[in-house]
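Just below is one structure, and these are the notes that go with it.
The values are calculated or read from the model by the stated rules, or taken from the named source; none is laboratory data. Just so it is clear, the structure is predicted and the values come from calculations on it, not from any experiment. Glycine also receives a Cβ, built like all others from the backbone with ideal geometry; neighbour counts cover every protein chain displayed. To get the accessible areas, we keep the full protein, side chains included, count just its heavy atoms, and leave off ligands, DNA and RNA. Shrake-Rupley method; radii C 1.70, N 1.55, O 1.52, S 1.80 Å.
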Amino acid sequence: MPDSEKSVKQDPIIQLIVFRLGEEEYGIRIEQVKEVTITPEIARMPKTPPFVKGIANLRGDIIAIIDLEERFRLRTAGQEMPAVSYTMAIEAKEYTIGIMVREVPQPLSIQQSIIEKAPEFIQDINIHDKYIEGIAKIEDRIVVVLDMLKLLTPSEIMQLQPKTESSGSGSRTKA
Amino acid sequence: MKSREQEYREMFMAEALEYYDAMSRHISELERNPTDEPALNELFRFMHNLKSNSRAMGYNAIGELAHHMETIFGLIRSKEKSFTGSVVPVLFTGIDTIGEMIRAVGANEDLPEVGRLMDNLDRLVRGEEPVLEQEEEDDEDANRKLELSDLVYIQIRKLDHLMNLVGELIIDRDRVLTLSQEIGNPALVAAATHLSRIADELQYSVMDARLVGVGSLFSKFPRVVRDVAAAEKKDVELTMTGEDIQIDRNILQIITDSLLHLVRNAIGHGLETPAEREAAGKPAQSHLTLSAQTERDDVLIQVQDDGRGINVESVRRKAVERGLVAANVAATLDDDAVRAFLFEPGFSMAKEVTEISGRGVGLDVVKLAIDSLGGQLRVESVLGQGTTFTLVLPTSIAVKGALLFQLDQRNYAIPLMHTDSVVSLMPDNFNVVGGVLITRVQEENVPVVSLRKLLHNGDGPLPPAVKADVQGRQDIIIVKYNNRRLGLVVDRFLRQQDIVVKPMSKPLDTIDLFGGVTLLGSGQVCLVLDVPALTRLFLAKRP
């Protein structure tokens, strides 16, 4: 989708929500962000990958909260999540999911054309480049623009094997 | 309380009037464009439905007319006739007459005379010209009445939405009640109590609006039984009771396939042929009973046959063959425990695959459907005398009784439907057998596992239990699923409470250990454990 838009339209201004993970700045298109709040109380959920922090009650919606610093191993040692963190509620295809960040995310308007395709070095920091829409250079800042819809597919989040191991029936031999 | 007949008649009326309105609309479309195929298909379909419904309700005159009309629409559809010339006024008259007849049924009046119309329809079928009388139609047009039905059809989706909103309201109600008690302002407490009462009433009204009679599902079975019995060459008499019992429409929807499966199974495998029955000294005609009854807050639906019954020994043998249980263990299991194997995936007792049942999908599918509702499936059987399957179902999906407990400072809920008992035991009540902690509850050995270890132990098998693990008093919830009891050690019991279970949101819904979540009055999120999945997890991971 973004690719085809790029070729058709002249040079639209796009709005990003920019947040920090580890030392870098990342951006998401604003239309993918439903809201930003102080992280609500999270109930830990057994049998999920460690970066899935649990579930929380966001205005009556129960959503999963994930920690991308942990997911992509971007956390520098000794930099634990602060006691008060922020959660961006992102609308993925079929559900809403919360992404925990350490600082208040900020809006930023840029021209679409300054988003460049991701260079290869990105892959060194564990983020598979298919999630990356591109990289925006704004003066001396570099913002990695993520494609949340690709990042937040159920199989990505759950790091799923086809069937969860909790069903004993699956392991039984069938005649 | 209305009688069932009256309720059925109202439903028939509402549906028939709706058909009539739709048919009037479609036939006008057809007049404008005589080759309008969608309109023609709809007309054919509505006529067909009206015919079946009328006959089912005993309004044979309407059924007969609809049947004749359907025939002609069928001919037009297959291009043997066209919607032109004298066909048009006859069909218009036909639909108007159907409208009159439906209204006459509603008003408890005599049905109008349809002899001439039927003659005309017959003539059309034979390819002859109908006898038309112009003035009568004008007369009819002048008398035409516009009517609105007393019943409202509502999409179940809208009711679902309403139910969800009420669920949210109940959660907020609990929250407001808790807060008002904490704050202690008398005016606030009074307002919160009033709010609470209204919210309760609203909840029951919405739940009530979703209730339908079990009969609406049962009524499909006489035909199913007839067809299956004919195909299987069995002589079956079907008895149905408790059609008035009310249950949530979505629950009925979910168990439809299960009930169909059980009935087919009963006829295909449970019941014998007349010759076999006579040889066994039983009456040649076999009996199948579908019954519904309420038991406390639950609805029990039973499928009972007087057939050959389940041979526990052959189930035992088969379970060993399939590797479900070791031979020496199998020998010690009681009959109930053996019959529980019937619900294991892929376990079919059918010796041959028949046309009707035994295609490899077995009772496990039924079991899973019932589990998904938080219900139970039981089987009782006496060899040579018959088998009874009992579905224990909640009346409503939304509200469940649950036991709340704490583990690692977190609140969890476990549905009461699967809770057997709650015990607090000292360490000397436990033994270790084969790496599994065992205790005696009500004269029975029950395996006990720390819920913490079961949930947080990663993917490997559980480490063998040792007696030293058990320190101090142990709070244990005994859960029961598929005749197996399992004790779960938790940190602290909290209380029993009615909860509104919200389904687990995506993408976490793939974790089957949790049946959903609920919000407590404090606003805290509380995970609702799924006992069937928990039991399977324990079986898969026990040391």
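When B:LEU508, B:LEU488 are screened for being within 10 Å of another protein chain (Cβ to nearest Cβ) and open to solvent by less than 20 Å² (accessible area, probe 1.4 Å), only B:LEU508 passes.
The conditions of being closer than 24 Å to B:LEU148 by Cα, open to solvent by less than 60 Å² (accessible area, probe 1.4 Å), of a type in the set (Val, Ile, Thr) and in contact (Cβ under 8 Å) with a residue 60 or more places away in the chain are not met by B:ILE62. In region B:267-287 there is at least one residue that is at positive phi and open to solvent by 30 Å² or more (accessible area, probe 1.4 Å). You will find that of B:LEU202, B:LEU217, B:LEU179, the residue that is at pLDDT 90 or above, assigned by the TED database to the domain that holds B:GLY167 and not polar (S, T, N, Q) is B:LEU202 and no other. Just one of the listed residues (A:ILE17, A:ILE13, A:ILE63, A:ILE90) is away from chain B (no Cβ under 14 Å) and in contact with a Gly (Cβ under 9 Å, 6 or more places away or on another chain), namely A:ILE17.
Condition check: hydrophobic (A, V, I, L, M, F, W, C), under 35 Å from the mean Cα position of the chain (by Cα) and at pLDDT 90 or above. Does B:LEU169 satisfy that? For B:LEU169, the condition - hydrophobic (A, V, I, L, M, F, W, C), under 35 Å from the mean Cα position of the chain (by Cα) and at pLDDT 90 or above - is not met. For the residues B:VAL433, B:VAL479, B:VAL466, B:VAL446, the requirement of being open to solvent by less than 10 Å² (accessible area, probe 1.4 Å), more than 30 Å from B:VAL166 (Cβ to Cβ) and away from chain A (no Cβ under 14 Å) singles out B:VAL446. Looking at A:GLU25, A:GLU41, A:GLU35, which one is within 12 Å of chain B (Cβ to nearest Cβ) and of a type in the set (Asp, Glu)? Just a single option satisfies the conditions, and that option is A:GLU41. Take the conditions within 15 Å of B:CYS526 (Cα to Cα), open to solvent by less than 60 Å² (accessible area, probe 1.4 Å) and assigned to a strand (DSSP E or B) and apply them to A:ALA56. Does it pass? Spelling it out, A:ALA56 is indeed within 15 Å of B:CYS526 (Cα to Cα), open to solvent by less than 60 Å² (accessible area, probe 1.4 Å) and assigned to a strand (DSSP E or B). From B:LEU494, B:LEU488, B:LEU462, B:LEU455, which residue is within 21 Å of A:PRO46 (Cα to Cα), in a loop (DSSP other than H, G, I, E, B) and either of a type outside the set (Lys, Arg) or more than 36 Å from the chain's Cα centre (by Cα) (or both)? Matching residue, one of B:LEU494, B:LEU488, B:LEU462, B:LEU455: B:LEU462. Of all residues in region B:363-399 being open to solvent by less than 50 Å² (accessible area, probe 1.4 Å) and in a helix (DSSP H, G or I), which is nearest to the other protein chains (Cβ to nearest Cβ)? For region B:363-399, the residue satisfying everything is B:ASP364. Contact map, region B:526-543: first residue facing chain A (nearest Cβ under 7 Å) and without any contact (Cβ under 8 Å) to a residue 60 or more places away in the chain, second residue in a helix (DSSP H, G or I) and of a type in the set (Val, Ile, Thr), Cβ cut-off under 9 Å, separation 6 or more or different chains; the map is empty. Screening the candidates B:VAL212, B:VAL224 for the property of being open to solvent by less than 60 Å² (accessible area, probe 1.4 Å), more than 14 Å from chain A (Cβ to nearest Cβ), in a helix (DSSP H, G or I) and touching a residue at least 40 places away in the same chain (Cβ under 8 Å) yields one hit, B:VAL224. Residues in region B:426-454 that are of a type in the set (A, V, I, L, M, F, W, C) and more than 26 Å from B:ALA337 (Cα to Cα): 1 in all.
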